[in-house]
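Derivation of every value follows stated rules applied to the coordinates shown; laboratory data play no part. A quick note: this is a predicted structure, and the numbers were derived from the prediction, not measured. In this analysis, Cβ positions are derived from the backbone assuming ideal geometry, glycine residues included, and neighbour counts consider all displayed protein chains.
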Amino acid sequence: MARKVLVLGEVRDGSLRNVSFEAIAAGKTVAEGGEVIGVLAGKEVSALGQEMIQYGADKVIVVEHDKLDQYTSDGYSQALMAVIDQEKPEGIIFGHTALGKDLSPKLASKLSTGLISDATDLEEAGGNLVFTRPIYSGKAFEKKIVTDGLIFATIRPNNIEPLAKDESRSGDVTSLSVDITDLRTIIKDVVRKASEGVDLSEAKVIIAGGRGVKSEDGFEPLKELADVLGGAVGASRGACDADYCDYSLQIGQTGKVVTPDLYIACGISGAIQHLAGMSNSKVIVAINKDPEANIFNVADYGIVGDLFEVVPMLTEEFKKLKV
Ligand code: FAD
């Protein structure tokens, strides 16, 4: 059944986040040959419309307004509801990001519809669209289908492969004028933490340190390895609690959920709460002095050894491969 599907493009620092392209790919599957419409909301974002088309959107609708410069649920829900009223889609796909997690339940409630959140896979099976999503902190997966009405889903970053960029694709980028009113939240200023390098939630490679790194300086060899591999540095709560690093790096049940292609856990014991945030990584490498450490139970490759010896050796070897 061909459907019309809306896909939200998420903009950060003037660029589309990768999850937007993954959402377009998911949107194509939901559309089943129908139309995929990209939606951009913000201030001066229309120039990004063509990129959504190059990644597979058929057309893009842009809602620009000074009050959409910073994300607020009130502002974005007014913008999105206006597009939904105009287009009457049969499917809606957002990234399962901080923005998507905030906005999607609000819209689902306004639309009196259900929501499949945090989908990690989507396939056509037996005439149904089947969404897969983790439950019980990633210990099990459930399969969901929508039997009737609007299909509204958020997809976990780094799980659904985007389509290849096709620069020859073209399509309409049109603007929709929406009166944004009654914002209950006004963002006066955004103060960013000085962050080095790649965003954890979208990183393809993560080098994570635990209490085994022993100090703030102990993270240095991990940062060097991350630099060589073009990855990001993450941490266990043990490392954050010990003040070796900032809580923004925490991965796990009460931290970020990540699914990189490669996760290298250094000096992390593998507590269940940590595994909840990283066990769906595609390849897991664990470096730990203790051969009995639980992290080895989820690792694809395990290195029993001192991280301060092993990590610099890995960095040197990867440097050679890059030459
Ligand atoms: P440890 O368990 O102390 O492990 C350190 C490891 O380093 C050991 O295995 C040791 O053998 C190894 N090691 C030491 N020195 C070296 C060396 N030189 N070389 C190699 N290996 C070495 N934790 C999270 O990570 N994320 C969460 O989101 C999270 N949420 C939680 C929520 C709740 C409600 C609770 C109760 C706990 C939560 N925790 C979370 C904490 C979790 O239970 C663990 O305490 C924490 O993950 C342990 O961190 P760690 O593995 O770094 O430290």
Starting from the Kirkwood Rh over alpha-carbon pairs, what translational D in µm² s⁻¹ does region 5-52 have by Stokes-Einstein at 25 °C and 0.890 mPa s?
226 µm²/s
Ordered by fewest other Cβ atoms within 10 Å, a rough proxy for footprinting exposure, MET1, MET313, MET278 read MET1, MET313, MET278
Amide proton proximity set for SER117, modelled H, under 5 Å, gap of 5+
THR154
Work out from phi, with θ = phi - 60° and the Karplus expression 6.51 cos²θ - 1.76 cosθ + 1.60, the ³J(HN,Hα) of each residue of region 150-163, listed in order in whole Hz, and give x for Gly and Pro.
5, 9, 10, 9, 10, 10, 5, x, 6, 10, 9, 5, x, 6
Along each of its three principal axes, how wide is the spread of alpha-carbon positions in region 221-309, in whole angstrom units, largest first?
29, 28, 26
Expressed in nm to one decimal, what extension gain is obtained for the pair LYS193 and ILE135 from 0.36 nm per residue of sequence separation less their Cα-Cα distance?
17.7 nm
Grab the Cα-Cα distance for GLU167 and ASP85, subtract it from 0.36 nm times how many residues apart they are, and report the gain in nm with one decimal.
26.5 nm
Please return the longest range in the chain lying between exposed loop sites, taking trypsin sites (Lys or Arg not before Pro), DSSP loop only, at most 15 other beta-carbon atoms within 10 Å, and leaving the sites out.
44-138
Calculate the all-directions average of the projected area of the chain's alpha-carbon convex hull, and give it in nm².
18.0 nm²
Sorting LEU115, TYR136, ALA203 by the position of each Cα along the dipole of region 90-229 (Lys, Arg +1; Asp, Glu -1; all at Cβ), the one nearest the positive end of that ordering is TYR136
Which GluC sites (Glu not before Pro) from region 227-323 combine a DSSP loop assignment with at most 16 other Cβ atoms within 10 Å?
GLU292
Could you tell me which chymotrypsin sites (Phe, Trp or Tyr not before Pro) in region 93-159 are loop residues by DSSP with no more than 10 other beta carbons within 10 angstrom of their beta carbon?
TYR136
For region 268-323 and region 182-261, write down the distance between their C-alpha centroids in whole Å.
16 Å
Please report Rg (one decimal) and Dmax (integer) in Å for the Cα set of region 270-323.
12.6, 39
Once R0 is set to 51 Å, what does the formula 1/(1 + (r/R0)^6) return for the Cβ-Cβ distance between LYS106 and TYR301, expressed as a FRET efficiency to the nearest 0.05?
0.75
In µm²/s, what is D for region 96-249 at 20 °C and 1.002 mPa s, where D = kT/(6 pi eta Rh) by Stokes-Einstein and Rh is the Kirkwood radius from Cα pairs?
109 µm²/s
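Can you sort VAL39, VAL258, VAL11 from fewest to most other Cβ atoms within 10 Å of each residue's own Cβ? Intermediate results must be reported in sequence, preceding the final value.
Values: VAL39 27, VAL258 23, VAL11 19.
By the 10 Å Cβ count, ascending, the order reads VAL11, VAL258, VAL39.
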Net charge dipole size for the chain [Lys, Arg +1 and Asp, Glu -1 on Cβ; Debye, nearest 20]:
500 debye
Lys and Arg at +1, Asp and Glu at -1: add these up for the other residues within a Cβ distance under 13 Å of LEU176 and post the number.
-4
Coarse-grained scattering of region 1-130 at q = 0.09, 0.11, 0.13, 0.23 Å⁻¹, given as base-10 log I(q)/I(0) from a Debye sum over alpha-carbon atoms
-0.22, -0.34, -0.48, -1.63
For region 85-90, just list the computed ³J(HN,Hα) in residue order, Karplus coefficients 6.51, -1.76 and 1.60, θ = phi - 60°, integers in Hz, with x standing in for Gly and Pro.
4, 6, 8, 6, x, 9
